[in-house]
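Here the structure comes first, spelled out in C-alpha cells, and everything after it is commentary.
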Amino acid sequence: MPKTLVTLHVNGATYEVAVKPQDTLALALRDGCGLTGTKIGCDMGTCGCCTVLVEGRPVLSCLTLALEAEDWQIETIEGLSGAERLHPVQEAFATCGGSQCGYCTPGFVMTSVALLRDNAAPSRDEIKAAIAGNLCRCTGYAKIVDAVEKAGSDMRSADAGATPPTTGEKDDAGIQGRRQTAAAGR
Amino acid sequence: MTQGFKVVGRRLPLVDSWKKVTGAAVYGDDVRFPNTLICRLLRSTLPHARILRIDTSAAEAIPGVRAIVTGADASARFGVLPISQDEEALAIEKVRYVGDIVAAVAADDEETARQGVAAIEVVYERLPDYFDIDEGLDPVEEPIHAWTRDGSNCQKRVDQHFGDVDAALDAGKVKPQGHFSFIGVGHAFTEPHSVTAVPEPDGRMTLYTPTQVPHYVHRALAKVLEMPMHRIKVFRTAVGGGFGGKSDPFPHEMAVCLLARKIQRPIRLTFDREEIFLTNRGRHPGIVDVQIPVSEDGKILAMDVNAVIDGGAFGSFGVVTTYYNGIFSQGPYKVPEFRYSGRRVYTNKAPCGAMRGHGAVNARYAIESVLDMAAEELNLDPIEMRLDNVLEPYSKTTNEFRITSNGIVECLERCRDESEWPSKKGNLPFGKGIGVGCGFFISGSALPIHQTRTPQSTVHLQIDVDGGVTAHSMGAEIGQGSDTVIAIAVAEVLGLTMDFIRVRSDDSDTAPLDLGAYSSRGCFMIGNAAREAALVIRKKLSRAAERLSGHPADDFDFEDAKLIALSDPSIVISYFEALTEALADNGALIAKGWYQSPRMGGSFKGAGAGLAPAYSFNASVAEVDVDLETGLVTCPRIWLAHDCGRALNPLAVEGQIEGCIHMGLGQALMEEMRYSKGRISNPHLLDYKILGPFETPEMHVLIVESEDKEGPFGAKESGEGPLLPVLPAIGNALYNAIGYRAYDLPIRPEKVFAHLEKMRKSETGFSKTWETNGR
Amino acid sequence: MMILPEFELLRPRSVDEAIAAARGASGRFDYLAGGTDLLCNYKWGINTEPTVISLRHIADLRGRDGGRVGGGVTLGELERDADFLHDYPVFERTLDRLASPLIRQTGTVAGNLLVDTRCIWLNQSEFARQALGNCLKADGPECRVVKGSTDYCYANYSGDMAPVFMVLGATITLAGPDGQRTMPLREFFVGDGIERFVKKKEEIVVSIDIPSDAKTLRASYQKFRVREAWDFPELAVAAAARMDGDRIAELFLVANAVSTIPLWLDDVAQKHVGATLDDASIEEIVADVMKASKPVRATLLPPTYRKQMVGVMTRRALREIRGDADAGAQPGTQPGTQPGAAA
C-alpha cells in the first residue's frame, strides 16, 4: 500500500508525514514526527499511555488513524513546556511523586491537562474519574491524584497573580496535610 | 527525623522525573538508529513439540526480508542463574511452551517482518504436554528438560529441618493448618519489552534494552554470542516498569543481537502486550501447605511449610524462588522449630520467575492466615499475639538469618493505633471486616548469584572544574529511584544541592559493576557504595581546605556548598575554592566506593539462600467491605507501616509502599493469568485486570525508621517488602467480615457469593459467630 | 508492537457519499466511527476488510436535538450534555461508567450500539486464536463456547447504550442504498453473535430518537463487572417504568450482556403491569428476569454466577425506580438487612 503525505498540526507546528492508511496517529507522531514522548503501552486503548490532545480533548492515539487527524490541532507531551519552565502539571507530577517508571506519565499528564482546562478545581473524586482511562502500575494512583490537585492549585494561584512555587521540594507539612484529608475511597 | 541530615529525609522528586514528565526519557522503543531493520519473532503455538524441520526459504524470498536466525545460529544455553542455564536464544531441539521463540526475522518494516514470520515453515512432532504440578514429581514419558533427575519434571527440591517440628506439633495447644493455592500473576508493567541491537563498526555489539539486570544480560550475551564481554556493550534505556519482569536475560535480547551480527545492521524489536505475557517471569502459581502449632499463651512453637510451585518451561530465578517460598516463613517471628519442603516443577507454560516480593508473597499469605486461625482458636487478639512472637532486633532466626535493625513492634503498634483496631476488631457489622498481616524481606541478597569476590556494587565519582559531580553506576534505575539514592548519598556527604549531582547509570562501557535492580538490593548496596565514594571525595576536598586555611582537614563540615570548620565556624572555604585547590596539579577528582555483604549465615545445605545484610519489616491492617448481594469484595482503606531503616526520601518510600499496596491488592482481588490447556487466555490489559483509581483504597502509609547500623544513613529496602502484608491483611479482613477463608487467590466474587448464599440459608443467617470479641 | 492490516481508507463527507462508497466496495468493507472497537479487532486480525469507510467527517451524523441523538455523537459529548442528562437522567450513570473516559472521547453512540459481540475465545490475537483454536466467528468450524455449534455463535453483546435506549422506547433510523428507514430499537437486534442485528451492511445509523414521553419514565441501568472502569459488562439490566400511583402502568425490561443481543423481555414486563413495586413483587420480577437470562461461558465470570447477578441487578434497578435512596446496595450492607432470597 503506497504512503500518503498527511499534514499534522502538532504543538503549533506543521509536519508533513508519509503514512499508510492503516497507520495510527501514535505511530505517525512517534515515527513520522519524531515525537517519541507519546508512548504505546497496550496498543488496544486500555492503558492510556498514548493519550494526546485533539482539539483539547484527550484521545487514544493508538486507536486513531493518522489520516483522520489531518485537520486537527494536536498537542503532545512535548508541546506542554513553556519557554522557561514546565507546565504546572508536569512540575507537579515530578514534585508529588506522580511519576515513577514514567512510562504512563505522558498519558496521565495529557489527560490531566485536559481536565484542568475544563475544571480548574476538581475534587479528588473528579480527578479519579478523569484519569480512569489511564493505567499506572507503579504509584497506586495516590500521588498522581496529589499531583493533579497540586497542579490545579498552582494554576489557580498563578491565575490569581500569586507566584507559583518553582521546581524543588515542597514543604512536608503541606503534602502530609493534604494526604491525611484525602478521601480516596470509592 | 532528619537528625542533622541536610538532604537525607527530605521529600525530593526523583532525579530522573524531569525527563519523564516531559517525554524526554528514552525508553526501549524510543531508541532510533539510521538503517534499522525491524524484527518479529516466530513463536510456537504448541506447548511441547520436537522441531523436525524449519524451512525459511519462502520467508527469505520475500522482498524486504533481510535476515532470519533460528536455533541453528546459537547453541549456547543461558539463564540468569548459573545453576540453571536452560534457556535458548531460539529453540534448538524442541519447543517447551506456547510462545517459545523458534525464529527471528529482520525486515525493512514491521509488516514485512510479519510476512516473513508467517512464511516460515516448521514441522513439529507433538510431545506429551505437562501443565499440572501434581504430575510433576513423578517420572514422565518425555521430561521437559533432559537434565531433571529420575525422569520427572521436578527441577528443584529443597528440604530443611531445624529442631523437632513433630515434637512441637505434639506440644501445641492448637495446631491450625491450611492448604492454599495461588494462581500466577504478572508484572503488567506499562512498557513493552523493546530492544535494539547495534553492530558497531569496530566489530563490537551494543544492545539497548530496558533491563533491570544489565550485568546478567551482558554475561548471557557473551555466552550466547561467544564474544568476550569487553566486545559487548549493554546500554540500559529508561525502564518503563520492571517489578522483576525485566530481571532475566531474555531470549529475544539474544535473538536481535544474532540478527544484527548476521546482517550488520541495527535491529529493533518491540513486543506487543501479548508477548509480555508469553515472556512472563511472573509470580509462580502453586500450592502452599502450612501448619503452625501454638502454645496456650499464644507462642509460636514451630512452622511446618510445604510448597510446590509451577515454574513453567524454564528455570529463570526458580531455584531461588523454591527456597524463598519457605525460608522467609520465619520472620518476623521467633520460630523455634522449622521444617520446609519445597519443590519446583517444570510445566509447558510460560516461564515464571521473580516478581515483587519474590517467592515470599504466597507463603506469607498462607502463614499469616494460619496465624489468624490460631489466634481465633485461642481467643487472642491477632495483633497482640503477633507482638508476643516477634524477633528481637539484632538477633538470629532459626535458619541463621542475621537480623539487624527491626522495627516490627512499632509497625504493628502504629497500624493498630492509627487504624483504631481495638474499637473495630470484633465490632464491625456483618459484611465489614478488619484484618492484619506482617511481612519481612531482604535488603539485597548477601550471596551474589555469581560467587566471585567482586563487590556487589561499585560507584565511581568524578568532579571537574564545573563542580558538578558525575556518578557512574550500573545500578538499574527502573523508576524505583536508585539514581536518586546515589544523588542523595553524594549530595548529603558533600554538602551540595541535588542539582550538582548527575547520575550516569546506563552504559556498561563506563559504569562500574553493579548487579542490578532485583532482590531489593539497590538502596542498601548502591547507597552504601555511593556514600563511600563521596566520603573519599570529601577527604580530598577537606585536605584542600586545610591547605587553603591551615585548619585541620578532619574538622570540616560540608553544608550549602561550603566547608565550615566545626570548631571555628568563622573559617569557611567555599566548595569551589576547595575544589579549585584540589584540582590544582592533580586534575579531575576521581573516587570509588563499593559495597560487599559481610560473610554470614549457617553451614547447612542451602544456608546461603535468603541471607541479607539487613531485613525490612512491616505490618498492614486492612478493612474490607463485602457486597452481600454480589460477593464483590472491596478494600476501602488500608494502613501499612514499613520499617525501611531510614527514609532517604520519604516521598519515594511512600511511592514504593503505595505501589506495593496496588499490586498486593490486585493479586488478592482480581489479578490472574488464566490458562486454557496451557495457553494463556487473557494476555491483554482488559482481561488481565490491574486496579484502576476507583479500586484504589484510601492508603495510610506509615514510615518506621529503625536506623540500621549497616544501611546507608541507616536505610533498608522499601520496594518489595511492603507487598507482603497486604494480601493476608485482606484475607484476614475478609474472614473477619463474613467468616469466609479464602484458600485460593484471587478472591473470586462467585466463591464469596456461594459462601454468602450458604449463610443466608442457614439458621444463623447473616450474623457473626466468629472473632466476635477479638480477645 | 501491533499494527493494523492493510486497508484502503475512505473519508466521505456525507451520508450519501458514504453509502456510495460502501456500494463500491462490494460488501468487503467496514464503517469506522470512533475506532475504539473496530480497530482493536483489526489489530487482532479479526474479520478484517480491505476497505474502511470513516464516518467521522460526516456532519449530518453529529448533533443532538431533544431526544434525537446523531449516530456520530461521541459518548463523551453526550456525557457533557447537561440538557440531555437532565431530560434522561438514567444516562448519567450509564455513561460515566461506560468503558473508560478515554474510550468515551472518541467512541460514538452508534458505535456503542453496534459494538461487536465479544467472547473469551474470539477477542484474542491471531497467534492466540491459532494456539487456543479458532472459533466460529473468526475462521473456525465451530463455536468454542457451546461445543458442536456450527451455525450459531454465542459471543456476548456488550454495549451499554442499547438496553437503556430500548427501555426508553427509542427508535433507530438507518440510511441505506434504498433510503432511510426507522424502527423501534427493540426490533433492531436479532440473531446470533455473527448476525447481531437487522442492519444491512451498507446501512448507516443516522440517529436514535427517544420519544419525549420517555422523560416521564423512571429508568435505571445496573451493570455488573469487576472494575469500575474499562470492563465491559459481565451482565446488566435496564429497566424503565411508568407508575400510576403505586402500581406499575408500564414496564420495560432488558437483560443485557447475557446473550448475543440485548434481551428485550416484553413478556416478563407485561406480566407484571399492574403490580406494585413492593419487595414481594420485585422478587417475582427478579425471578422471571433470571429465568429468561441464559448466559453462557463467553465472558470471564461463570455463567451460573452471572445468572444470579442478573437477579441482583434487576432488584437494584427496580429499587432505584421505586425511589430507594440506596438501591444500588453499596458494599457492606447494613447488619440485619436480608436481601430477598434469589429464586
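Looking only at the stretch B:220-248, count how many residues are more than 14 Å from chain A (Cβ to nearest Cβ) and open to solvent by 20 Å² or more (accessible area, probe 1.4 Å).
So the answer is 9.
Criterion first (under 20 Å from the mean Cα position of the chain (by Cα), within 25 Å of B:Gly721 (Cα to Cα) and open to solvent by less than 20 Å² (accessible area, probe 1.4 Å)) does B:Val217 satisfy it?
Answer is no for this residue.
For the stretch B:605-643, what are the residues that are away from every other protein chain (no Cβ under 11 Å) and either outside any loop (DSSP other than H, G, I, E, B) or closer than 20 Å to B:Ala668 by Cα (or both)?
B:Tyr615, B:Ser616, B:Phe617, B:Asn618, B:Ala619, B:Ser620, B:Val621, B:Ala622, B:Trp639, B:Ala641, B:His642, B:Asp643
Go through the residues of the stretch B:630-645 one by one and say whether even a single one is modelled with pLDDT of 95 or more, more than 30 Å from C:Asn123 (Cα to Cα) and of a type in the set (Gly, Ala, Ser).
yes
Collect the residues in the stretch B:255-289 that are away from every other protein chain (no Cβ under 14 Å), among the hydrophobic types (A, V, I, L, M, F, W, C) and either part of a helix (DSSP H, G or I) or surrounded by fewer than 24 Cβ atoms within 10 Å (Cβ to Cβ) (or both), keeping them in residue-number order.
B:Ala255, B:Val256, B:Cys257, B:Leu258, B:Leu259, B:Ala260, B:Ile263, B:Ile287
Being open to solvent by 10 Å² or more (accessible area, probe 1.4 Å), at pLDDT 95 or above and facing another protein chain (nearest Cβ under 9 Å) narrows it down to one residue among A:Lys128, A:Lys150; which is it? First the steps, then the outcome.
Details: A:Lys150 fails: facing another protein chain (nearest Cβ under 9 Å).
The conditions single out A:Lys128.
Restricting attention to the stretch A:84-110, which residues are at the interface with another protein chain (Cβ under 7 Å from one of its Cβ atoms) and of a type in the set (Val, Ile, Thr)?
Residues satisfying the conditions are A:Thr95, A:Thr105, A:Val109.
What residue, of B:Glu111, B:Glu93, is touching a helix residue (DSSP H, G or I) at 6+ places or on another chain (Cβ under 9 Å), modelled with pLDDT of 95 or more and open to solvent by 20 Å² or more (accessible area, probe 1.4 Å)?
Working: B:Glu111 fails: touching a helix residue (DSSP H, G or I) at 6+ places or on another chain (Cβ under 9 Å).
Matching residue, one of B:Glu111, B:Glu93: B:Glu93.
Would you confirm whether any residue within the stretch A:59-67 is within 11 Å of the chain's Cα centre (by Cα), in the same structural domain as A:Gly32 (by TED's automatic domain parsing) and among the aliphatic types (A, V, I, L, M)? Let's see the steps before the verdict.
Narrowing the stretch A:59-67 to residues within 11 Å of the chain's Cα centre (by Cα): A:59.
From what's left, in the same structural domain as A:Gly32 (by TED's automatic domain parsing): A:59.
When the remaining residues are screened for being among the aliphatic types (A, V, I, L, M), the result is A:59.
Within the stretch A:59-67, one or more residues are within 11 Å of the chain's Cα centre (by Cα), in the same structural domain as A:Gly32 (by TED's automatic domain parsing) and among the aliphatic types (A, V, I, L, M).
If you go through the stretch B:492-509 one residue at a time, do you hit one that is within 22 Å of B:Arg453 (Cβ to Cβ), away from chain A (no Cβ under 14 Å) and in contact (Cβ under 8 Å) with a residue 60 or more places away in the chain? Spell out how you get there, then give the answer.
Within the stretch B:492-509, the first condition is being within 22 Å of B:Arg453 (Cβ to Cβ), and the residues that meet it are B:508.
Among the residues that remain, those that are also away from chain A (no Cβ under 14 Å) are: B:508.
Filter once more, keeping what is in contact (Cβ under 8 Å) with a residue 60 or more places away in the chain: B:508.
The answer is yes, given that some residue of the stretch B:492-509 is within 22 Å of B:Arg453 (Cβ to Cβ), away from chain A (no Cβ under 14 Å) and in contact (Cβ under 8 Å) with a residue 60 or more places away in the chain.
Taking the conditions exactly as written (open to solvent by less than 10 Å² (accessible area, probe 1.4 Å) and either in a loop (DSSP other than H, G, I, E, B) or assigned by TED's automatic domain parsing to the domain that holds B:Asn399 (or both)), does B:Glu296 satisfy them or not?
It is false that B:Glu296 is open to solvent by less than 10 Å² (accessible area, probe 1.4 Å) and either in a loop (DSSP other than H, G, I, E, B) or assigned by TED's automatic domain parsing to the domain that holds B:Asn399 (or both).
Conditions tested, residue by residue: (1) surrounded by fewer than 23 Cβ atoms within 10 Å (Cβ to Cβ); (2) in a loop (DSSP other than H, G, I, E, B); (3) without any contact (Cβ under 8 Å) to a residue 60 or more places away in the chain.
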site	(1), (2), (3)
B:Pro351	no, yes, no
B:Arg356	no, yes, no
B:Met373	yes, no, no
B:Pro393	yes, yes, no
B:Asn399	no, yes, no
B:Thr404	yes, yes, no
B:Glu410	yes, no, no
B:Cys415	no, no, no
B:Ile434	no, no, no
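Starting from residues that are more than 7 Å from chain A (Cβ to nearest Cβ), among the β-branched types (Val, Ile, Thr) and not in a loop (DSSP other than H, G, I, E, B), keep the ones in the stretch B:22-56 and report whichever is nearest to B:Ala491 (Cα to Cα).
Per the stated criteria, the residue is B:Ile38.
With respect to the numbered conditions (1) in contact (Cβ under 8 Å) with a residue 12 or more places away in the chain; (2) of a type in the set (Gly, Ala, Ser); (3) within 14 Å of chain B (Cβ to nearest Cβ), which one is the sole condition not fulfilled by C:Ala131?
In the conditions (1) in contact (Cβ under 8 Å) with a residue 12 or more places away in the chain; (2) of a type in the set (Gly, Ala, Ser); (3) within 14 Å of chain B (Cβ to nearest Cβ), C:Ala131 misses (1) alone.
For (1) assigned by TED's automatic domain parsing to the domain that holds C:Gly66; (2) open to solvent by 20 Å² or more (accessible area, probe 1.4 Å); (3) assigned to a loop (DSSP other than H, G, I, E, B), each residue gets a yes or a no:
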{"site": "C:Ser158", "(1), (2), (3)": "yes, no, yes"}
{"site": "C:Pro163", "(1), (2), (3)": "yes, no, no"}
{"site": "C:Thr173", "(1), (2), (3)": "yes, no, no"}
{"site": "C:Gln180", "(1), (2), (3)": "yes, yes, no"}
{"site": "C:Met183", "(1), (2), (3)": "yes, yes, no"}
{"site": "C:Lys200", "(1), (2), (3)": "yes, yes, yes"}
{"site": "C:Val205", "(1), (2), (3)": "yes, no, no"}
{"site": "C:Ala219", "(1), (2), (3)": "no, yes, no"}
{"site": "C:Gln222", "(1), (2), (3)": "no, yes, no"}
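Given the residues C:Leu10, C:Leu75, C:Leu4, C:Leu95, which is the only one that is open to solvent by less than 30 Å² (accessible area, probe 1.4 Å), in contact (Cβ under 8 Å) with a residue 12 or more places away in the chain, farther than 22 Å from C:Gly193 by Cα and over 22 Å from the mean Cα position of the chain (by Cα)? Give the derivation first.
Working: C:Leu10 fails: open to solvent by less than 30 Å² (accessible area, probe 1.4 Å); C:Leu75 fails: over 22 Å from the mean Cα position of the chain (by Cα); C:Leu95 fails: over 22 Å from the mean Cα position of the chain (by Cα).
Result of the check over C:Leu10, C:Leu75, C:Leu4, C:Leu95: C:Leu4.
Any residue in the stretch B:680-703 that is farther than 20 Å from B:Leu640 by Cα sitting within a Cβ distance under 7 Å of a residue that is in a loop (DSSP other than H, G, I, E, B) and of a type in the set (Phe, Trp, Tyr)? List the pairs, counting only those 6 or more apart or interchain.
That search, which allows pairs on different chains as well, returns B:Asn682/B:Tyr688; B:Leu686/C:Trp230.
Is there a residue in the stretch B:742-757 that is more than 12 Å from chain C (Cβ to nearest Cβ) and within 30 Å of B:Ala530 (Cα to Cα)? Break it down into steps so the answer makes sense when it comes.
Filtering the stretch B:742-757 down to residues more than 12 Å from chain C (Cβ to nearest Cβ) leaves B:742-745, B:755.
If we keep only those that are within 30 Å of B:Ala530 (Cα to Cα) as well, we get none.
No, because not a single residue in the stretch B:742-757 is more than 12 Å from chain C (Cβ to nearest Cβ) and within 30 Å of B:Ala530 (Cα to Cα).
Going by the conditions given, is A:Thr95 open to solvent by less than 30 Å² (accessible area, probe 1.4 Å) and free of Cβ contacts under 8 Å to residues at least 60 places away in the same chain?
Values: open to solvent by less than 30 Å² (accessible area, probe 1.4 Å): yes; free of Cβ contacts under 8 Å to residues at least 60 places away in the same chain: no.
Considered against the rule, which asks whether it is open to solvent by less than 30 Å² (accessible area, probe 1.4 Å) and free of Cβ contacts under 8 Å to residues at least 60 places away in the same chain, A:Thr95 comes out as no.
What is the one condition in (1) within 13 Å of chain B (Cβ to nearest Cβ); (2) within 15 Å of C:Cys40 (Cα to Cα); (3) over 14 Å from the mean Cα position of the chain (by Cα) that A:Gly48 does not satisfy?
Unmet condition: (3).
Mind listing whichever residues of the stretch B:7-44 are in contact with an Asp or Glu (Cβ under 6 Å, 6 or more places away or on another chain) and in contact (Cβ under 8 Å) with a residue 12 or more places away in the chain? I'd like the intermediate steps shown before the answer.
Of all residues in the stretch B:7-44, those in contact with an Asp or Glu (Cβ under 6 Å, 6 or more places away or on another chain) come to B:7-8, B:10-12, B:15-16, B:23, B:27, B:38, B:44.
Selection gives B:Val7, B:Val8, B:Arg10, B:Arg11, B:Leu12, B:Val15, B:Asp16, B:Tyr27, B:Ile38, B:Ser44.
Specify the residue that is surrounded by the fewest Cβ atoms within 10 Å (Cβ to Cβ); the eligible residues are those in the stretch C:298-326 that are within 11 Å of another protein chain (Cβ to nearest Cβ) and assigned to a loop (DSSP other than H, G, I, E, B).
Here the residue is C:Pro302.
Could you tell me whether B:Gly721 is assigned by TED's automatic domain parsing to the domain that holds B:Val633 and either open to solvent by 10 Å² or more (accessible area, probe 1.4 Å) or farther than 14 Å from B:Asn618 by Cα (or both)? Steps first, answer last, please.
Details: assigned by TED's automatic domain parsing to the domain that holds B:Val633: yes; either open to solvent by 10 Å² or more (accessible area, probe 1.4 Å) or farther than 14 Å from B:Asn618 by Cα (or both): no.
Considered against the rule, which asks whether it is assigned by TED's automatic domain parsing to the domain that holds B:Val633 and either open to solvent by 10 Å² or more (accessible area, probe 1.4 Å) or farther than 14 Å from B:Asn618 by Cα (or both), B:Gly721 comes out as no.
Out of the residues in the stretch B:1-21 that are outside any loop (DSSP other than H, G, I, E, B) and open to solvent by 30 Å² or more (accessible area, probe 1.4 Å), which is farthest from B:Val69 (Cα to Cα)? Write out each step before concluding.
Step one: of the stretch B:1-21, the residues outside any loop (DSSP other than H, G, I, E, B) are B:17-21.
When the remaining residues are screened for being open to solvent by 30 Å² or more (accessible area, probe 1.4 Å), the result is B:18-19.
On the way: B:Trp18: 40, B:Lys19: 36 Å.
Checked the stretch B:1-21; the qualifying residue farthest from B:Val69 (Cα to Cα) is B:Trp18.
The values are calculated or read from the model by the stated rules, or taken from the named source; none is laboratory data. Keep in mind that what you see is a predicted model, and the values were worked out from it rather than measured. Counting neighbours? That spans all protein chains shown, and the Cβs are built from the backbone with ideal geometry, glycine included. When the accessible area is computed, the model is the full protein with side chains, heavy atoms only, and any ligands, DNA or RNA have been set aside. Shrake-Rupley method; radii C 1.70, N 1.55, O 1.52, S 1.80 Å.
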